[in-house]
Each structure stands twice: as structure tokens, then as C-alpha cells.
Amino acid sequence: MEALKTFESGVLTEERPGAVKPPADLWKRHKGGLVIVECPQRIPCNPCNTSCPAGAILDFNDINDLPAIDYEKCTGCALCVAKCPGLACFVADLTFGEGSALMKLPYEMLPVPAKGDSVKCLGRTGETVCDGRVENVTEPHKDRTRVVHVSIPADKVNDVRAIRVV
Ligand code: SF4
Ligand code: SF4
């Protein structure tokens with residue numbers, strides 16, 4: 001019953017199939033970052049798979065399948081971040097700097113931040129996790145979402161999932 005309640009809340013609170021983190025040894029040395037996918041519910045959706053130019057998000061047998069990743073193929077390009085309608089894909093680059101990481105986060109709000117801005121970095125329930133610095137903003141193309149690149153303390157990559165412009 002408790003597990004059902006957690007699931008219905010829409011907030012990911014535990015490791016589940018479809019919520020996929022990179023393997024630690026590859027993640028810490030992979031320049032450009034690796035994708036994190038937090039999509040644990042079976043829904044008819046697959047743009048993460050169809051947008052990935054590297055074949056890192058494995059083909060679905062069924063449109064309702066949960067995403068599965070071949071991390072040896074992921075380049076951290078963040079095209080899936082821009083295409084996922086559920087805002088469930090993120091990229092984290094642990095090689096960005098000493099003690100810091102670069103998060104590539106989907107962003108559909110206004111105002112749009114600019115490079116160099118300080119922003120509040122938020123967790124899954126909208127709580128403030130830490131401060132971040134905007135390093136880049138990719139403009140949306142066609143039906144894609146804007147992607148904001150934010151540098152944060154490296155130990156926050158499993159917590160930061162959004163930003164708030166201050
Ligand atoms: S970050 Fe790029 S290479 Fe990695 S899964 Fe997403 S689209 Fe594919
Ligand atoms: S595109 Fe996003 S919401 Fe759709 S299956 Fe992939 S990760 Fe889930």
C-alpha cells in the first residue's frame with residue numbers, strides 16, 4: 001500500500017525499474033556526461049529512444065516499455081533531454097571540474113536564464129538543493145524543450161532535477 005502511495009505521488013523516492021543511473025566507474029571518467037532517466041511508469045511513449053543518435057536508449061519491444069540504457073554508447077549529447085515530453089531525462093557530467101559537475105536539465109519556464117546567471121537548483125519535490133551557475137542554454141528547435149546547462153557541487157547530481165531563476 002505504501003509503495004502504491006509513493007508511486008501515485010509522482011515523485012521518485014526509491015530505485016525502480018525505468019529509473020536508470022549511470023554505472024559509477026564509467027560516470028566519473030566520461031567526458032560530456034551520461035544520461036539519467038527517471039521514467040518508472042509504463043506509458044505509450046518513446047521519443048527518448050527515437051531521438052538518441054547513438055542508440056544508447058535501447059529499442060522498445062512495446063511502446064509501453066520502460067527505457068533501458070547502453071551506457072557504453074551514451075555521449076551525453078542531451079538530445080533525449082530536449083525531446084522527452086515527461087522531462088524525465090537529465091545528463092550529468094562528473095568531469096566538469098574539481099568537485100563540480102555539469103547538469104543538463106530540461107527547462108520550459110520563463111524567464112529564460114542566461115549564461116553566467118546564478119540559479120536555485122531544485123530537487124524532485126521543488127525543494128532548494130543548492131545554488132548553481134548557468135554555463136549554457138540551448139534553444140528549443142521545433143517541438144523540443146530548452147536545455148539549461150548548470151554547474152553544481154558534484155555531490156548533488158542525484159538530487160538536482162530542475163532550476164528556478166532568481
Ligand atoms: S544523452 Fe544523447 S547519447 Fe545519451 S541517451 Fe540521451 S540522446 Fe542518447
Ligand atoms: S521519452 Fe521520456 S517520458 Fe517518454 S518513455 Fe522516454 S523517458 Fe519516458
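The values are calculated or read from the model by the stated rules, or taken from the named source; none is laboratory data. Because the structure is a prediction, the values reported are computed rather than measured. Virtual Cβ from ideal backbone geometry, glycine too; neighbours counted across all protein chains shown. Just so you know, the surface numbers come from the protein's heavy atoms only, side chains and all, with ligands and any DNA or RNA stripped out. Shrake-Rupley method; radii C 1.70, N 1.55, O 1.52, S 1.80 Å.
Within segment 20-37, the set of residues being open to solvent by 20 Å² or more (accessible area, probe 1.4 Å) and assigned to a strand (DSSP E or B) comprises just one member, VAL20. When GLY76 is tested against (1) on the phi < 0 side of the Ramachandran plot; (2) near ligand 1 (Cβ under 10 Å from one of its atoms), only condition (1) is not met.
So for segment 69-86 (the condition being open to solvent by less than 50 Å² (accessible area, probe 1.4 Å), out of contact with any Lys or Arg (no Cβ under 6 Å at 6 or more places or on another chain), assigned to a loop (DSSP other than H, G, I, E, B) and in contact (Cβ under 8 Å) with a residue 60 or more places away in the chain), does at least one residue qualify?
The answer is yes, given that some residue of segment 69-86 is open to solvent by less than 50 Å² (accessible area, probe 1.4 Å), out of contact with any Lys or Arg (no Cβ under 6 Å at 6 or more places or on another chain), assigned to a loop (DSSP other than H, G, I, E, B) and in contact (Cβ under 8 Å) with a residue 60 or more places away in the chain.
Report yes if PRO40 is more than 26 Å from VAL165 (Cα to Cα), of a type outside the set (Gly, Ala, Ser) and either open to solvent by 80 Å² or more (accessible area, probe 1.4 Å) or away from ligand 1 (no atom under 16 Å from the Cβ) (or both), otherwise no.
yes
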